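Read the figures in this text as sums done on the coordinates, not as results from a lab. Since we're looking at a predicted model, the values are computed, not measured. Reconstructed Cβ throughout: ideal geometry from the backbone, glycine too, with neighbour counts over all protein chains shown.
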Amino acid sequence: MSQLKTIRKLAWPLGLLSLWITLSFLLANRQLVINTSPSVAPGIYLRVNERPAVGGIVDFRIPARAWPYIPKCTGRAGRHWYILKPIAAGPGDTVNTMGRWLYINGRKIAPIYTHDEKGWLLPRWRADCVLGPNEYFVYSGRIWNSFDSRYYGPIRLHQIAAVRVPLLTW
């Protein structure tokens, strides 16, 4: 009988320890990421073994073209941070950011702002081009002030850390 009591007393701590070890492994190896940014639904995202595609979600390190802006809005360098964004255009798609609006394949998508909500000047990527075989344009229409490819240009396949799918969102 005392062995049963001991097992019951240890069940919760051992279960929690097992859960902690499993989550630590998954998070440390970036199999799972927790998103708190509003550009995509906040939640837990799972790495999947798929090629990036329009409509999919990818994570990637902040592009070098965006580095000068990041300390202004966050107070930290952020060069090793990852961004989670949906892909709005891919290889062969036409992207135009020359005016005040983003156009993808001739369709008017979203305004391009010159300043953020704090009044700071946003970087600007200006081009009218067809995306190359390994280029992706990320854009989030979920929030008006998404910091996306309108400001730092397309990302390349080698910059993408993972394709993600939502596991649990809130």
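Assorted remarks:
- Using only side-chain charges placed at the Cβ, +1 for Lys and Arg and -1 for Asp and Glu, the dipole size of the chain relative to its Cα centre rounds to 420 debye.
- Since only Ser149, Trp12, Asn35 are under comparison, the one whose Cα sits farthest along the positive direction of the charge dipole of the chain, derived from C-beta charges on Lys, Arg, Asp and Glu, is Trp12.
- Dipole of the chain, positive direction: furthest Cα of Ala110, Ile62, Ile87, with charges on the beta-carbon: Ile62
- Packing-based order for 67-77, 33-43, 8-18, using average beta carbon neighbours within 10 Å, highest first: 33-43, 67-77, 8-18
- Cα shape, the chain, gyration tensor, a/c 1.5 rule: prolate
- Highest average packing first - 127-135, 94-102, Cβ atoms within 10 Å: 94-102, 127-135
- Using alpha-carbon coordinates, inclination of helix 2-28 to the longest axis of the chain, degrees: 20
- Classified by the C-alpha gyration tensor, region 80-166 has an oblate form. Its axis ratio a/c, with a ≥ b ≥ c, is 1.5 or above, and a/b does not exceed b/c.
- When peptides 113-121, 57-65 are ranked by their average number of other Cβ atoms within 10 Å per residue, the highest-first order is 57-65, 113-121.
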